[in-house]
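The values are calculated or read from the model by the stated rules, or taken from the named source; none is laboratory data. The model shown is predicted, which means the values in this text are computed figures rather than measured ones. Neighbour counts run over all protein chains shown; Cβ positions are idealised from the backbone, glycine included. For accessibility, only protein heavy atoms count, side chains too; no ligands or nucleic acids. Shrake-Rupley method; radii C 1.70, N 1.55, O 1.52, S 1.80 Å.
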Amino acid sequence: MISINTPIEKVHYHFPEEFWWGSSASATQTEGASDVDGKGKNIWDHWYELQPNRFINGIGPEDTSQFYYKYKDDIRLMKEIGHNSFRLSISWSRLFPEGRGERNEKAVEFYNNVINEMLAHDIEPFVNLYHFDMPLALQKIGGWESRETIEAYEAYAETCFRLFGDRVKKWFTHNEPIVPVEGGYLYDFHYPNIVDFKKAVQVAYHTILSSAKAIRIYKSMNLGGKIGIILNLTPSYPRSQHPADLKASILADAFFNRSFLDPSVKGEFPFELVDILMEEGFMPKIAEDDLQTIKENTIDLLGVNYYQPRRVKAKDNVPNPDGPFMPERYFDNYIMAGRRMNVHRGWEVYEKGIYDILTNLRENYGNIECFISENGMGVEGEEKFQDEKGMIQDDYRIEFISGHLKWVHKALEEGSNVKGYHMWTFMDSWSWNNAYKNRYGFVSVDINKDTERTVKKSGYWFKNVAENNGF
Ligand code: BGP
């Protein structure tokens, strides 16, 4: 039985003092105000204009949860539900409407206000520079396919460090950088909807290089904070211990996890991946000094996003040699009998995955300082769980979070360097292709009532957890 008011003596899972309790969000998904006060278009604004049918219920990014106008109330609510930290992202095209060149002072004012308001409430801002939102002007020159975008990103990053780095002490270069590669260049769920493995590799490579270059700039500025990256680490569990299944899982892991994890933490790429790229003729264009830059500029702090595991097996059938090259040439995805599902999102729920990730980081990545930067449960039709006062009784979410936190706690006991837990997300937000279908927040947002906010049961439960440093 889960109580939302746990007395301190009943805390079974105790977390260290100073543990980071909070949530994460991104600019495009929460700010709204997508074409006011000088913001330039990003790829989401553009894609929605081209193909509104690709967004559930035709709801686009133009007026997502209105954080741009309501940030003061939202930050007050964050405090009310126990946050000591919160991750936001800066909208690149709000700060630089053309991606580079002229800066938008209204954006500077907005992000200054948000950061100051958070600090006034003792909520530490964790700031991410890139969350899927390429400025359209830069996508027109190829986005991450082009080295010009890396230069523009360096200038953007340096501007952010200069403007906000006196107060922001935790920076992140990218959120889930594999996702724009998958969505935009392999599986057609992000603009520019290209299916081309060679371009996908170049995009991934440039993203990693951009991260290393931003880290180099940040360190040279001596601002006294930490800089890292946020990766969705999805353990690849093999169907069996048969060598063919094991090999499939090693390769899936190299494609989707180690492609970014290894260069970010160790400054080098996994040889399993490099071998495949060489053999198949997909090596990216690499300029002199690039690999040195990647080697020398690794992260201080790793954000781990975890939602679901990946399960893989050796291929059942010989892949079609004439089809487009896809990572799935080396493995098949596998549905484990008896798996538990979040049916709304179609994702398996496997709490132990979070522990396996933390253990892998401890054993194989020098126990790098890390935190859970996203974990959460998207649920459709949450209104039906509303009580007579309008509060959503989301016991399933409390169970989901506590189930994961127990494994985080076990990892901690075994020596993991995990420093906090951020839920996805503070309030129900616009979810890319899924718009407002799946609700993830501690706070509900009524999109039919001027985005009215109401704290859910899980929000008050979380307050209790944060205040007791455990549950
Ligand atoms: C992560 C992203 C978030 C968020 C979350 C939930 O991949 O970093 O931006 O959207 O997943 O996923 P979805 O919105 O697709 O349900």
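Structure values in brief
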{"read-out": "Checklist (1) closer than 25 Å to Pro16 by Cβ; (2) within 13 Å of the ligand (Cβ to nearest atom); (3) of a type outside the set (S, T, N, Q); (4) surrounded by fewer than 23 Cβ atoms within 10 Å (Cβ to Cβ) applied to Leu405, failing item", "value": "(2)"}
{"read-out": "Selection status of Ile398, touching a residue at least 24 places away in the same chain (Cβ under 8 Å) and not in a loop (DSSP other than H, G, I, E, B)", "value": "yes"}
{"read-out": "Positions within segment 361-384 being surrounded by fewer than 18 Cβ atoms within 10 Å (Cβ to Cβ) and either away from the ligand (no atom under 16 Å from the Cβ) or within 17 Å of the chain's Cα centre (by Cα) (or both), in sequence order", "value": "Glu363, Asn364, Tyr365, Gly366, Asn367, Glu369, Glu383, Lys384"}
{"read-out": "Some residue of segment 125-147 being more than 16 Å from the ligand (Cβ to nearest atom), within 17 Å of Ala25 (Cα to Cα), of a type outside the set (A, V, I, L, M) and under 20 Å from the mean Cα position of the chain (by Cα)", "value": "yes"}
{"read-out": "Glu351, sole failed condition from (1) under 26 Å from Leu405 (Cα atoms); (2) exposed (fewer than 15 other Cβ atoms within 10 Å of the Cβ); (3) more than 16 Å from the ligand (Cβ to nearest atom)", "value": "(2)"}
{"read-out": "Of all residues in segment 425-471 being in a helix (DSSP H, G or I) and charged (D, E, K, R), the one that is farthest from the ligand (Cβ to nearest atom)", "value": "Glu467"}
{"read-out": "Checklist (1) outside any loop (DSSP other than H, G, I, E, B); (2) in contact (Cβ under 8 Å) with a residue 60 or more places away in the chain applied to Asp133, failing item", "value": "(1)"}
{"read-out": "Residue check, Tyr69 more than 23 Å from the chain's Cα centre (by Cα) and either assigned to a helix (DSSP H, G or I) or modelled with pLDDT of 95 or more (or both)", "value": "yes"}
{"read-out": "Any pair with Cβ under 7 angstrom, 6 or more apart, that starts in segment 266-282 at a residue that is open to solvent by 40 Å² or more (accessible area, probe 1.4 Å) and ends at one that is assigned to a loop (DSSP other than H, G, I, E, B)", "value": "Lys266/Thr298; Glu280/Phe325"}
{"read-out": "Every residue from segment 328-345 that is open to solvent by less than 80 Å² (accessible area, probe 1.4 Å), under 24 Å from the mean Cα position of the chain (by Cα) and either closer than 13 Å to Asn317 by Cα or not charged (D, E, K, R) (or both)", "value": "Glu328, Met341, Asn342, His344"}
{"read-out": "Pick from segment 408-418, criterion outside any loop (DSSP other than H, G, I, E, B) and open to solvent by 10 Å² or more (accessible area, probe 1.4 Å), ranking: nearest to Tyr436 (Cα to Cα)", "value": "His409"}
{"read-out": "Pairs where the first residue, in segment 82-101, is under 14 Å from Phe132 (Cβ atoms) and the second is in a loop (DSSP other than H, G, I, E, B) and open to solvent by 20 Å² or more (accessible area, probe 1.4 Å), C-beta under 8 Å, 6+ apart", "value": "Ser91/Lys39; Ser93/Lys39; Ser93/Lys41"}
{"read-out": "Matching residues, segment 425-437, being surrounded by 22 or more Cβ atoms within 10 Å (Cβ to Cβ) and touching a strand residue (DSSP E or B) at 6+ places or on another chain (Cβ under 6 Å)", "value": "Thr425, Phe426, Met427, Asp428"}
{"read-out": "Sole residue being at negative phi and in contact with a strand residue (DSSP E or B) (Cβ under 7 Å, 6 or more places away or on another chain), chosen from Asn128, Asn104", "value": "Asn128"}
{"read-out": "Some residue of segment 446-455 being more than 23 Å from Leu88 (Cβ to Cβ) and either in contact (Cβ under 8 Å) with a residue 24 or more places away in the chain or surrounded by fewer than 24 Cβ atoms within 10 Å (Cβ to Cβ) (or both)", "value": "yes"}
{"read-out": "For His422: the one exception among (1) within 15 Å of the ligand (Cβ to nearest atom); (2) open to solvent by 10 Å² or more (accessible area, probe 1.4 Å); (3) part of a strand (DSSP E or B); (4) not polar (S, T, N, Q)", "value": "(2)"}
{"read-out": "Leu291 being in contact (Cβ under 8 Å) with a residue 60 or more places away in the chain, of a type in the set (A, V, I, L, M, F, W, C) and not in a strand (DSSP E or B)", "value": "no"}
{"read-out": "Output for segment 317-351, where each listed residue is acidic (Asp, Glu) and modelled with pLDDT under 95", "value": "Asp322"}
{"read-out": "Some residue of segment 373-390 being modelled with pLDDT of 95 or more, more than 19 Å from Lys456 (Cβ to Cβ) and not in a helix (DSSP H, G or I)", "value": "yes"}
